[in-house]
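The structure appears below as structure tokens.
Bear in mind these aren't lab numbers, they're just calculated from the coordinates by the rules spelled out. Note that the structure is a prediction, hence the values are computed from the model and not measured. FYI the Cβ positions are ideal-geometry reconstructions off the backbone, even for glycines, and counts take in every protein chain you see.
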Amino acid sequence: MWNTLTISDLAARLGRREVSAREALQACLDRIDQVDGRLHAFLSLDRADALAQADEADARRARGESADQPLLGIPIALKDILAVRGQPLGCASKILHGFISPYDATVVEKLKAAGAVVFGRVNMDEFAMGSSTENSAFGRTGNPWDLDRIPGGSSGGSAAAVAADECLAALGSDTGGSIRQPAALCGCVGLKPTYGLVSRYGLVAFASSLDQIGPFTRSVRDAALVLHAISGHDPRDSTSLPEPAIDCAAAIHGDLRGIKLGLPREYRIEGIDPEVKSAVDAAVRQLESLGAEILEVSLPHTQYAVATYYIIATAEASANLARYDGVRYGLRIDGDDPIEMYARTRGAGFGPEVKRRIILGTYVLSSGYYDAYYLRAQKVRTLIRQDFLRAFEQVDALVTPTTPTAAFRAGEKVDNPLQMYLCDIFTIPCNLAGICGLSLPCGFTREPRLPIGLQILGPPMGERTLFKVAHAYEQATSWHRQKPPIQ
């Protein structure tokens, strides 16, 4: 039962000595043994190391050292894109076969400093490139609500593990919606912080100007607790904001009187599923009943966001993934000369989607096309950011669907990359603008019963407003207390 609690509840019980950190972790391990053979959220799991961390947490609590460790004894899983010293770091790719990280990512250091039990490597789309976790080199992850459906991506393993009670929280990365979209499809809370608020040191880069690390949790309050633990300035990350760790707990109270929420007219597209639209409309009415003022706003350059994203993200991916050449680490397939070795290694090591994005990114950066594509995309990106900043002059936050549909069946869009890319149509603009976004449950489809997500977007460093709005809605509804049927 301990694995089904929120972080807040388990922390309180640990403090009262009703349960030990070892017992809480063991409950998670037992749950993994029970369901992960079918779910396939975890890629690797060092049980001995995890139990040793739990025992150390119990020892610290016994010594009275828990006051400055708010996550002491809390089991938290990691997307296989974050470095943990002595653990495999594979990015769900064959090209990093056998690689063991020599250091901890900053977020891992911070979680450990807060007392968390950091355990397990969870599945993802290879190098975070995908929206369904079907691009993993080690098999897809199922959705806990329907194993034949996708959990979203690229952080699908993180979302599925939290939703299925295999851990109390998990970290993922969000480049174009890779936290918020799987959170919506699996029925949990997912936060993409303001760009630079959380250090990217130790995060394997996909698109460096877009990537951001954030938490998956079962409640809005839990997301605030984890964000407080992992945020703050890091001199090892040149893009890290010169800001201290952000504490949003004080914002989680009261109604929404005085809060203005905007509804972007450009997000009302024809392709949105009627049940998703109905659930989001009901959520807006609920927010209004809690005191929020609802206004219509415009984000006129939204129609260019997906195209802009897939130019900028692939260009940065082409540059970032050039380092995987078989020379220094990971997979190596020898050839008669270095060029042949590079070609064989990268040909065998990368999956189809990664190759597609590298080729596209290399093309838009090539001589004769740089100005026409990459430079123009950067200019459009600026216009998209300006749209958001103008909107936030009128309202405190924006409310949108997280995804246009609920989770689709595995294999349904594998052969149609464009349709797959359009799954992130509501989440991509947030990354281009560098603002913050949060997804939380707001309903279910009828048949089959699948979660629907509500997205709340805030201005740069607007996390406190996000948490205030999200918590007020969460407490007024019961969607977050629903559990998937996987047994």
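One table, with the values for the structure above:
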read-out	value
Lysine-lysine proximity count for the chain, Cα under 20 Å, sequence distance 8 or more or distinct chains	9
Cα-Cα separations in segment 2-260 greater than 35 Å, expressed as whole percent	9 percent
Per-peptide average of other Cβ atoms within 10 Å, ordering 27-39, 358-370, 167-179 highest first	167-179, 27-39, 358-370
At least 15 Å along the helix axis (C-alpha) and Kyte average at least 0.0, DSSP helices within the chain	220-230, 305-320, 352-365
Cβ-defined net charge surrounding R17, 10 Å radius [Lys, Arg +1; Asp, Glu -1]	+1
Rounded Å value of the spacing that divides the Cα centres of segment 166-180 and segment 52-116	16 Å
Stretch gain in nm, segment L418-R85, where the contour uses 0.36 nm per residue and the Cα spacing is subtracted	116.1 nm
Segment 266-401 - Rg (one decimal) and Dmax (whole number), Cα, Å	21.8, 70
Loop-located GluC sites (Glu not before Pro) in segment 10-90 whose Cβ has at most 15 other Cβ within 10 Å (DSSP)	E18, E65
Spatial separation of Cα centroids for segment 388-435 and segment 289-368, in angstrom	18 Å
Hydrodynamic radius by Kirkwood, which averages 1/r over all alpha carbon pairs of segment 43-152, in angstrom	15.1 Å
For Y103, distant residues with modelled amide H under 5 Å away	R85, G86
Per-selection metrics, segment 155-270 (Cα): Rg and Dmax in Å	15.2, 45
Fully extended contour minus Cα-Cα distance, from A48 to Q475, at 0.36 nm per residue	149.9 nm
R328-A348 FRET efficiency (beta carbon distance; Förster radius 25 Å; 0.05 resolution)	0.90
Percentage, to the nearest whole number, of Cα pairs in segment 1-78 over 21 Å apart	26 percent
